[in-house]
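Working notes, beginning with the structure itself.
The numbers here are math on the coordinates, done by the rules we state, and not lab data. These numbers were taken from a predicted model, which means no experiment stands behind them. Cβ coordinates were reconstructed from backbone atoms using ideal geometry, including for glycine residues, and neighbour counts include every protein chain displayed.
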Amino acid sequence: MSVRLLAALPFIGILVGVPFVNRTEPLVLGMPLVLAWIVMWVVLTSAIMGIVYLFDPANRDDGADAADVEVRS
Amino acid sequence: MSALVIIAAITLVALWLGMRARRGHDMNLEQWSVGGRSFGTAFVFLLMAGEIYTTFTFLGGSGFAYGKGAPVYYILAYATLAYIISYWMLPPIWRYAKSHRLMSQPHFFSRKYASPSLGVLIALVDVAALIPYLVLQFKGLGIIVAIASYGAIASTTAIWIGAVVVTAYVIVSGVRGCAWNSALKDVMILAIALFLGIYLPIHHYGGLGEMFRAIDAAKPGFLTFAPRGQGIVWFQSTVLLTALGFFMWPHTFASSYTARNERIFRRNAFLLPLYQLILLFVFFCGFAAVLKVPGLTGGNIDLSLFKLSLMTFDPWFVGVIGAAGVLTALVPGSMILTTASTLIANDIYRGVLARDADDAKVARIARFVVPVIALVAVGFTLNGGETIVALLLMGYNFVTQLFPALICSLAPRNRVTKQGAFCGIVAGVVVVAATTLMHTSIGQLLPFLPDALKDVNIGFVALAVNVVVLALVSALTQPRAGEAPTHANAH
């Protein structure tokens, strides 16, 4: 249940965090800091939703969509 | 000439793919509008991602980066947050849609609130929001073909050809045609955006970091949010507002019905954020143009990507970029067209004119409506001036007004009444229309606010009015136990 709280982090990171990193320098991976910050949160969001997915009891195998798993695995 | 051949070839491929998509399926209403609810992860993924890669993002994303700088970052942020919300929001919507065999978004509301008039209201709001969106795709198509064919094809001709192609495969294959062409489009746009976004900064500046340093030196403050105007507060409020509205677009909402099972949405919630990082490379193209093709202003900022490509590449490659651009217009255009005709046939025709029409009849009407909508959109594209931009801005805020009523309807015990939902949406839509047409900002409306709050996106006012009206009217019309509802508003 508490794993779901992770999903609130990107909202905080993007909506609350941006004023604190609103700078060009230092460049991160060649990008202005504020852009790099947002990109980082996009990647973290993906990781977080992956974790939420793994721990969500709703996704425990019930065999119902075994066929579908193959499409993307 | 070689550019022209490539664009023509890809258009024919799109037509052929769209036409053959119906193969092996009896195209009844459910197949046509929601693919028989049989799509797996890949197709649902592509349909949902289709929303991201439209001409708006291809031309507009790079143009926005070119013309405005930092504010473009919001595009990357809002969809990410929308996907998080989708993890919990889409599965219950899908379950309800499946068990009630729903075809469209208004259908969902009219069942949930047991109110056909609410369904009709939402269908009208949807169509009003969709038509400008379709017009924008056609406009983008015209620009792309005119430039990439080096003027050999006038944009008017391109718009007509594009409209005919889309109309043809939508009539034949419905949403299946959209799905197949989404696959083609995404492969092309992915490759092109990645290549351009990496190559252009290196070719013109020597590298990504060098490019951003050069821009920062030439235009200080361009790469960060400004203190006023489209600054931090604007960014925060716009990201939040558009994240809520993201899945309220009727074609995105209805594409969730195509899924075979609900787990697909949960899986997509962690794949889609990564996928839309491709947008980052589209931004790079726009930034690369800042110092290389200076001087584009107003609506012309959308041409920055193509102007830079024209001076960088051989004609055949401009043709390849143009072909990808054509697909970013055709595919979302076809999804909008499928959705709008389903709305008109299923929710307006069956909702108002002929309540007892069967599915076969509705399916016939839907196909008949397709060319009509396409013609209306072409008409607006060729004759509509600046008004269409205002309409589009309104469109996004229009559909966002559906969010409160939707979220409440998913609660186990919904306290919102049909009258509350109806009045809230009407109030929100009226506020959106009034503020957009009069170009009002929060600063003008509420001059006593501190400076920082004046840049809050005006859409929040509409949403707030909507929620207040929804709550008040619902409180007044609450059915009491053992007593007939006394305050039921007439509508």
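Some notes on this structure:
- Farthest toward positive dipole pole in region B:89-226 [+1 Lys/Arg, -1 Asp/Glu at C-beta], among B:158, B:110, B:148: B:110
- P(r) weight above 15 Å for region B:1-60, C-alpha pairs, percent: 69 percent
- For the protein assembly as shown, the Kirkwood hydrodynamic radius comes to 24.2 Å, computed from all pairs of different C-alpha atoms.
- Mean ellipticity per residue at 222 nm, deg cm²/dmol - from DSSP H runs of n ≥ 4 across the protein assembly as shown, formula -39500 (n - 2.57): -22000 deg cm²/dmol
- Computed from the Kirkwood radius of its Cα pairs, the Stokes-Einstein diffusion coefficient for region B:1-103 at 10 °C and 1.306 mPa s stands at 92 µm²/s.
- Counting neighbouring Cβ atoms within 10 Å and putting the fewest first, the residues B:2, B:104, A:46 line up as B:2, A:46, B:104.
- Mean-position separation - Cα centroids, region B:10-25 and region B:344-370, in angstrom: 25 Å
- Comparing Cα centroids, region B:221-283 and region B:156-214 end up 18 angstrom apart.
- Since only B:238, B:203, B:265 are under comparison, the one whose Cα sits farthest along the positive direction of the charge dipole of chain B, derived from C-beta charges on Lys, Arg, Asp and Glu, is B:265.
- Each label point was placed 7 Å from the Cα along the Cα-to-Cβ direction; for residue B:195 and residue B:353 their separation is 4.7 nm.
- Computed on chain B, with alpha-carbon pairs under 8 angstrom and 6+ residues apart, the relative contact order is 29 percent.
- Fewest-first sequence of B:103, B:335 by Cβ atoms within 10 Å of each Cβ: B:103, B:335
- Per residue, the convex hull volume that the Cα atoms of region B:49-105 enclose (Å³): 88 Å³
- Amide H contacts of residue B:417 (H built 1.01 Å from N, under 5 Å, at least 5 apart or other chain): B:474
- Seen from all directions on average, region B:315-466 presents a Cα convex hull projection of 14.8 nm².
- Anchor residue B:418: lysines whose Cα lies under 21 Å away (excluding residues fewer than 8 positions away in-chain): B:112
- Converting phi to 3J(HN,Hα) with the Karplus coefficients 6.51, -1.76 and 1.60 and the offset θ = phi - 60°, region B:449-457 yields 5, x, 3, 4, 7, 5, 8, 4, 4 Hz in sequence order, with x at every glycine or proline.
- Region B:339-379: mean projected area of Cα convex hull, nm²: 2.6 nm²
- Loop trypsin sites (Lys or Arg not before Pro), region B:1-78 (other Cβ atoms within 10 Å of the site Cβ: 15 or fewer; DSSP): B:23
- Distances between every pair of Cα atoms in region B:128-233, grouped in 10 Å steps from 0 to the bin holding the largest one, split as 12, 23, 30, 25, 11, 0 percent.
- Overall shape: oblate for chain B, with the ratio a/c of the largest to smallest alpha carbon gyration tensor axis at 1.5 or above and b/c at least equal to a/b.
- Chymotrypsin sites (Phe, Trp or Tyr not before Pro) within region B:75-163, DSSP loop, no more than 16 other Cβ atoms inside 10 Å: B:150
- Convex hull volume per residue for region B:399-443, taking Cα atoms only, in Å³: 75 Å³
- Ascending count of other beta-carbon atoms within 10 Å, so fewest first, for B:244, B:190: B:190, B:244
- When exposed loop sites are taken as GluC sites (Glu not before Pro) in a DSSP loop with at most 11 other Cβ atoms within 10 Å, the longest stretch of chain B clear of them is B:1-385.
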